[in-house]
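> Here's a structure for you.
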Amino acid sequence: MATLDDLKKRIASVKSTQKITKAMKMVAAAKLRRAQENAEKGRPYSEKMNNIILNLSSGISDKENAPKLLSGTGEEKIHLCIVLTSDRGLCGGFNTNIIKKAKVYFKKISDEEKTLKIITVGSKGYDQLKRVYRDSIVERISFKDSKTINYLDAEKVGKMIIENFEKKKFDVCTIFYNKFKNVITQIPQEQQIIPLKTSEIEENSSDDNYEFEPDEDEILSNLLPKNISTQIFKAMLENSASEQGSRMSAMDSATRNAGEMVDKLTIEYNRSRQAAITKELIEIISGAESL
Amino acid sequence: MSEEFKVEIVNPEKSFLSKEDVTEVVVPAFEGEMGILKDHISIISFLKSGVIKIFSKSGEENYYVEDGIVEFKNNNLSVLTSSIFNIKDIDKDKISELLKQAEENSKSNEITDQDKYLLDQKIDVLKTLN
């Protein structure tokens, strides 16, 4: 049985762990609010961008000559997957969920005997994937140095993707990230960005007759690369809000667990202290009786 | 009948500007400056570097943009841009910095004619601002 001293030490250590998790929770809560605000502020841009592209692509009559970013290369041999994860740990199932989702997709691709290429954004994703998919990872990116998520970072990733696409290094590009639903729920997402999924295009009413200057094709070929960056930026914003939310709930439950543990240990400590006192008393009484 | 329409400028990080009482907007469209009044036909165009002028009852506002897309539909003008500055707030240092960068870019040989054309435009605009 643990001695009184041991128990005392354990209680102290659990209490200090609790202090840390509590502080982390507070920090995550503050960061979450900011991240959420940023994600909301960024929404109009990507929504508008999407709308314009939908309008444009439904206006294109000649599907054959549509830009490759929209129509694809006509093949589906090489898949590029961009896995967006966090740079820091201690955020519950946040990274694991993305990786799980991505691995299902990776397996599907290797079952179909297609080539897989992976770009990881965020160091945690790389750490988890490197064991199994080391040969497939073509690039790893980390934004540890930038304090906030900014568009320039997303643009860098976007440009790299487009460069690779133009060099015909892949045919299909999919991004994986966590969509922020609320603090407790984050939904891992897979989203195909090249070629752009056009199945969501609804047949718009005919009053959307736009005038284009210059013509549709040129606008579209100018707009699509921008859209890639925008989509990645959106994913990064959602991801950061999700990360903080996930960390907050993880740290909240850690704090609660530590509290429960302190309670249990305190009871055990009091019991053994009482037992020691009782034992001493019995010894004294029985000593007195024997006289 | 009112002659006002709504303009909204968004950049990737936030909604930059939203105004309801705009009477005229001049945007630096790809094929030249374009003035937009109420009940303009629906149009999509992209922007080159230049100045967006927004006229409203409260006066005139000028913004410098580097690139972007503009969409006008149902008396709603949306401008999507990744780089926009209010001319009032932009200082000389920033302008010269942008100018220097643009000049360097235009000197390199790896750019296409179209990029070169856009960069030259940008240099001109920056020079007038400076």
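> Go through the stretch A:55-157 and tell me which helices (runs of 4 or more DSSP H), entirely inside it, have 3 or more residues that are free of Cβ contacts under 8 Å to residues at least 40 places away in the same chain.
By residue number, A:94-111, A:123-133.
> So residue A:84 clears everything in (1) touching a strand residue (DSSP E or B) at 6+ places or on another chain (Cβ under 6 Å); (2) at pLDDT below 90 except one condition, right? Which one?
(2)
> Considering the stretch A:133-147 alone, what residues qualify as being surrounded by fewer than 14 Cβ atoms within 10 Å (Cβ to Cβ) and in contact with a strand residue (DSSP E or B) (Cβ under 7 Å, 6 or more places away or on another chain)?
Listed by number, the list is empty, since nothing qualifies.
> Looking at (1) at pLDDT 90 or above; (2) within 9 Å of another protein chain (Cβ to nearest Cβ), find the lone condition where residue A:30 falls short.
(2)
Okay, residues lined up against (1) under 15 Å from residue A:213 (Cα atoms); (2) buried (at least 21 other Cβ atoms within 10 Å of the Cβ):
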site	(1), (2)
B:37	no, no
B:51	no, no
B:59	no, no
B:63	no, yes
B:70	yes, yes
B:87	no, no
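> Moving on. List every residue pair whose Cβ atoms sit under 6 Å apart, with the two residues 6 or more apart in sequence or on different chains, where the first one lies in the stretch A:208-225 and is farther than 14 Å from residue A:196 by Cβ and the second, anywhere, is buried (at least 19 other Cβ atoms within 10 Å of the Cβ) and among the hydroxyl-bearing types (Ser, Thr, Tyr).
Sorted first by the residue in the stretch A:208-225, then by its partner, the pairs are A:213/B:45.
> Just give me the residues in the stretch B:35-82 being facing another protein chain (nearest Cβ under 10 Å) and not in a strand (DSSP E or B), in sequence order.
Result: B:40, B:41, B:42, B:67, B:74, B:81, B:82.
The values are calculated or read from the model by the stated rules, or taken from the named source; none is laboratory data. None of the values given here were measured: they were computed from a predicted structure. All Cβ positions, even for glycine, are placed from backbone atoms using ideal geometry, and neighbour counts span all protein chains on display.
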